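A.B. asks: This is the structure I have questions about; it appears just below.
Throughout, read-outs are computed from the coordinates displayed, never taken from laboratory work. As the structure is a computational prediction, the values presented were derived from the model and not from experiment. Here the Cβ is made from the backbone with ideal geometry for all residues, glycine too, and neighbour counts use every protein chain on show.
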């Protein structure tokens with residue numbers, strides 16, 4: 001296993017590269033329903049070793065978010081939370097634990113960054129406009145609703161099965 005220092009450097013490079021890819025203004029991926037179709041969008045030589053999976057996961061997440069957004073913003077936010085939890089479980093180094101009080105705060109910061117990057121990607125807007133969108137009271141309210149729904153789903157999944165007596 002790589003040293004902690006090397007793992008941290010890899011995580012920072014992965015996060016920076018994923019952000020670069022998200023911000024690069026790629027057109028929306030409407031119509032891509034199969035994650036394998038995303039493979040052709042990235043030049044594997046362009047990404048450092050092992051990081052193409054992160055970029056693919058994020059691009060797939062954005063595509064899924066875009067599809068869910070047609071059903072409503074809360075659905076889009078729940079989709080992001082589910083996808084992000086999977087990405088974090090596969091790449092825990094994406095959480096910036098050095099600049100957060102705890103893991104939950106680091107996940108919140110990552111979610112906010114992803115939402116800003118998603119808005120930039122989906123709408124072709126600049127970072128400031130995406131930040132203003134994220135700060136809208138209705139978006140904040142919908143995020144709270146989505147987070148509550150996500151937490152309830154996790155709690156239900158973690159409940160031990162009721163025995164039939």
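A.B. asks: Over the Cα atoms, compute the radius of gyration (one decimal) and Dmax (the largest Cα-Cα distance, rounded to a whole number) for the range 95-165, in Å.
C.D. replies: 16.5, 59
A.B. asks: Stretched out fully, how many nm does the piece from residue 155 to residue 132 gain, at 0.36 nm a residue minus the Cα gap? Mind showing how you got there, number by number?
C.D. replies: On the way: separation 23, 0.36 × 23 = 8.28 nm, distance 3.22 nm.
Between residue 155 and residue 132, full extension yields 5.1 nm more.
A.B. asks: Moving on. Within 10 Å of each residue's Cβ, count the other Cβ atoms and sort 119, 71 from fewest upward. Before the final figure, lay out each step's value.
C.D. replies: Working: 119 21, 71 10.
Listing 119, 71 from fewest to most nearby Cβ atoms yields 71, 119.
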